[in-house]
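What follows is a short report on a single structure.
Each value in this text was obtained by applying a stated rule to the coordinates, not by laboratory testing. Just so it is clear, the structure is predicted and the values come from calculations on it, not from any experiment. For neighbour counting, all protein chains shown are included, and Cβ atoms are generated from backbone atoms with ideal geometry for every residue, glycine included.
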């Protein structure tokens, strides 16, 4: 993570030498170990790339944490907040909020719409009962429908204020600011803190709702609360950087093989993996066809899509 973070701060449309990056960071700590940084290095590293890096770490960690919870709670490797439609639903509220209150309005609108969409997914889960395949297919259909409505909202809004549709549906870290990082971090870390606090209950739900009920868990109330928290976290992420697919699918799937299924270990491990994955994808998006910058969601989709196809094909009932 430190290596990728260093490369992310150094490389891009304007390359900054490693000693200048170190000088900028040391200068912010009141140290002069690496000499004095030039004004261009300060503007690029601290004003543009550092908030972008921190946003990628925070959002990647939150998406991986919510994916871990959904996969355990729904007992499906295919459970992902974007595939289930929570992300596209949050994008509708975020697009509306951005027109009214900028980035902070987008994050607040994304949280509200993410919670509402999570209630819809909760309803679909009740109807699907234990048929996870039906739930995933319903979520994909919901997400496709809501993505279309994102387009309607964007094209009906003030295009000089509301970001374009490719931002909302493909994601991007380019516009990250310190204010956006601060606002998103508050929402995301409160939500993730709640998920970690109830990780033992998530372990019981992962065994099965009937078994969890026999062990004293109020399954309906607990799952409703978890869906609300996941919706709020996903909504804050979408409001900050748009919809980024497969982070909540790929990272928890891999980290479960490394850390095991116990969620008090899995969630923090997935958070580290999610942050690393997203900043790595962002670095690739910036450098792949430089000077053109690709949406980070294209990179995560290119990596996560084949895994999704493999998970679908390896067993009939997921």
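Within region 123-148, take every residue that is under 29 Å from residue 292 (Cβ atoms) and touching a helix residue (DSSP H, G or I) at 6+ places or on another chain (Cβ under 6 Å) and give me the one that is surrounded by the most Cβ atoms within 10 Å (Cβ to Cβ).
143
Tally up the residues in region 32-41 that are farther than 12 Å from residue 17 by Cα and part of a helix (DSSP H, G or I), please.
1
Let me confirm something: among 26, 13, 22, which residue is assigned to a helix (DSSP H, G or I) and within 29 Å of the chain's Cα centre (by Cα)?
22
Kindly provide the set of residues from region 155-174 that are in contact with a helix residue (DSSP H, G or I) (Cβ under 9 Å, 6 or more places away or on another chain), free of Cβ contacts under 8 Å to residues at least 60 places away in the same chain and under 27 Å from residue 299 (Cβ atoms), ordered by number.
Correct list: 155, 164, 165.
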